[in-house]
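Visitor: To start, I am sharing the structure in question, which I have written as structure tokens.
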Amino acid sequence: MGFFAGVWSAPRWRALWAAQLGFLLDAMDVLLYVFAIQTLKAEFGWSNAQAGLVSSATLIASAFGGIAAGWVSDRIGRRRTLIYTILLYSFASAGSATAGGLGALLAWRALVGLGLGGEWSAGATLVAEWWPAEHRGKAVSFMQSGWALGYIAAAGLSALILPVFGWRALFLCGVLPALLTLWIRRHVAEPAIWSASRGQPRGGFRDLFRHPLRKRTLDATMLATTVLFGYWGLFTWLPGFLSAPAAQGGAGLDVVRTSGFMIAMQVGAFFGYLAFGWLADRLGRRPAFAAYVAAAALVTPLYGLAPRWGGEAALMLLGPAVGFFGTGFFSLFGAMLAEIYPTQIRGLGQGFVYNFGRGLSALAPYAVGALGDREGLGAALALNSAFFLAAAALVFRLPETRGRGLEEVDAGMPAP
């Protein structure tokens, strides 16, 4: 059975399209704020640290949303949970347009974060359970590539709307993903492995920390925290870095050119996601991940200091490489985490590991923003390389799961 068989009609592909589009629109809603940072700073008189605090609130809330959605999806299904999370982040993004200051925007973006974390938990589990072992890495990578496409959508909308209509109109566009839920309700089914487990006992948080899952949960959470700190510390501030004046360590680009540079970077990210899936299914989850994050550690400081040594040409050349290596590795989590947790607790396991790590990484935007206030944003971005390097070592604490069927995982685990 080839990967592209039934690409428009097979049930597994409909589930994959639903999860990818959900993640695409999720990313768009979250990242509209990233492109509006400089506009909001100017209007409300915020510092870099205050602006970073809003992103940190989104990430903290995403931890709670992801863990809760994972627990819920084990009980009511992956598809239904996916629908509810898309509705949540859609209406919260539109609600952000009504904010009158920092406090209100913190509240609305926290609700967006709940949907962000929840959508990933439900969508990644839905895809992992629909796809066989030989294609699971590719399928999850295809789903994750929606993040790059969402980034491009946010960049395009920002270039078209922000200079003319302002940030409130930009955030209002975030309600559009709600329309996707109508299609999901009609055309996407629950995975057979989850449907077959109905009526069986469901696991709880304590089961994640009992043998044989305890070590895996702790190691995977440590890995997710480390690499997510590096990612959010870097990508939250890239548009701000590109548009900040040279005196603040930035590249001094206007909004339209910043969007263009970010689109080029996310084209690289899109192909980085897809390439990771093929490498992970062929070579293994761990070596593919380690190679990606080690390369990300190398290109991140080069990019942050590029305005000083290479100008705009260096930024444009390095941008796709930053996107390719700095994001493509995230496909590991949707595949590998599904392959270490049984069906009765898979949603909670994936949701806890990835989103608890995301919550701890919420300090990254604030830390990089505060360091940028003192040293300049370009130099502050280099901080993230240390976290990418640490992740390259930590991944080898987890078992290699390439080729592992989910029925095999269920058979090897005691009932929760």
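The values are calculated or read from the model by the stated rules, or taken from the named source; none is laboratory data. Owing to the predicted nature of the structure, the values given are computational and were not obtained by experimental measurement. Counting neighbours? That spans all protein chains shown, and the Cβs are built from the backbone with ideal geometry, glycine included.
Visitor: In the range 40-80, what residues are within 20 Å of Ala224 (Cβ to Cβ) and polar (S, T, N, Q)?
Guide: Selection gives Ser55, Ser56, Thr58, Ser62, Ser73.
Visitor: Check Phe4 against each of (1) in contact (Cβ under 8 Å) with a residue 12 or more places away in the chain; (2) surrounded by fewer than 21 Cβ atoms within 10 Å (Cβ to Cβ); (3) not charged (D, E, K, R) and name the one condition it does not meet.
Guide: (1)
Visitor: Go through the range 346-367 and report how many residues are surrounded by fewer than 24 Cβ atoms within 10 Å (Cβ to Cβ) and either aromatic (Phe, Trp, Tyr) or over 15 Å from Leu59 (Cβ atoms) (or both).
Guide: Here the count works out to 2.
Visitor: So, in the range 198-225, of the ones that are in a loop (DSSP other than H, G, I, E, B) and crowded, with 18+ Cβ neighbours inside 10 Å, which residue ends up modelled with the highest pLDDT?
Guide: Result: Leu213.
Visitor: Hey, another quick one. What tally of residues in the range 301-318 results from selecting those that are surrounded by 16 or more Cβ atoms within 10 Å (Cβ to Cβ) and of a type outside the set (A, V, I, L, M)?
Guide: Here the count works out to 4.
Visitor: Cβ-Cβ distance below 6 Å, separation of 6 or more or different chains: which pairs start in the range 345-358 with a residue that is within 13 Å of Gly334 (Cβ to Cβ) and end on one that is surrounded by fewer than 24 Cβ atoms within 10 Å (Cβ to Cβ) and not aliphatic (A, V, I, L, M)?
Guide: Val353/Thr221
Visitor: Inside the range 132-181, can you point out the residues that are of a type in the set (Ser, Thr, Tyr), within 19 Å of the chain's Cα centre (by Cα) and modelled with pLDDT of 90 or more?
Guide: Selection gives Ser141, Ser145.
Visitor: Being part of a helix (DSSP H, G or I), basic (Lys, Arg) and farther than 15 Å from Val227 by Cα is the filter here, so list the residues in the range 373-406 that pass it.
Guide: Scanning the range 373-406 gives a single hit, Arg374.
Visitor: Find the residue count for the range 111-170, including only residues that are among the small types (Gly, Ala, Ser), within 19 Å of Gly272 (Cα to Cα) and surrounded by fewer than 24 Cβ atoms within 10 Å (Cβ to Cβ).
Guide: Residues flagged as among the small types (Gly, Ala, Ser), within 19 Å of Gly272 (Cα to Cα) and surrounded by fewer than 24 Cβ atoms within 10 Å (Cβ to Cβ) within the range 111-170 amount to 1.
Visitor: All but one of (1) among the aliphatic types (A, V, I, L, M); (2) crowded, with 24+ Cβ neighbours inside 10 Å; (3) in contact with a Gly (Cβ under 7 Å, 6 or more places away or on another chain) hold for Met336, so report the exception by its number.
Guide: (3)
Visitor: For Leu398, state whether it is over 25 Å from Gly250 (Cβ atoms) and either modelled with pLDDT under 80 or over 16 Å from the mean Cα position of the chain (by Cα) (or both).
Guide: Yes: the conditions hold for Leu398.
Visitor: Please go through the range 54-85 and pick out each residue that is among the hydrophobic types (A, V, I, L, M, F, W, C) and over 20 Å from Trp130 (Cα atoms).
Guide: Val54, Ala57, Leu59, Ile60, Ala61, Ala63, Phe64, Ile67, Ala68
Visitor: Further question: Can you name the residue in the range 78-99 that is surrounded by 21 or more Cβ atoms within 10 Å (Cβ to Cβ) and not hydrophobic (A, V, I, L, M, F, W, C) and, of all such residues, is farthest from Leu170 (Cα to Cα)?
Guide: The extreme case among them is Arg78.
Visitor: Determine the pairs where a residue that is within 22 Å of Phe396 (Cβ to Cβ), located within the range 199-221, has a partner that is among the polar types (S, T, N, Q) with Cβ atoms under 8 Å apart, the partner being 6 or more residues away or on another chain.
Guide: Note: pairs meeting the criteria are Leu208/Thr217; Phe209/Thr217.
Visitor: Would you confirm, using the coordinates I've provided, whether Arg75 is in contact (Cβ under 8 Å) with a residue 12 or more places away in the chain and either touching a His at 6+ places or on another chain (Cβ under 6 Å) or surrounded by fewer than 20 Cβ atoms within 10 Å (Cβ to Cβ) (or both)?
Guide: yes
Visitor: Which residue pairs have Cβ atoms under 6 Å apart, sit 6 or more places apart or on different chains, and have a first residue in the range 383-401 that is closer than 21 Å to Val353 by Cβ and a second that is of a type outside the set (Phe, Trp, Tyr) and in a loop (DSSP other than H, G, I, E, B)?
Guide: Glu400/Gly284; Thr401/Glu339
Visitor: Still on this structure, please answer the following. Any idea how many residues of the range 344-383 are closer than 17 Å to Gly203 by Cβ and not polar (S, T, N, Q)?
Guide: 10
Visitor: I need the full set of residues from the range 76-100 which are closer than 24 Å to Gln200 by Cα and in a helix (DSSP H, G or I), in order please.
Guide: Selection gives Ile76, Arg78, Arg79, Arg80, Thr81, Leu82, Ile83, Tyr84.
Visitor: Across the range 226-278, what is the number of residues that are in a helix (DSSP H, G or I), among the hydroxyl-bearing types (Ser, Thr, Tyr) and at pLDDT below 85?
Guide: Qualifying residue count, the range 226-278: 3.
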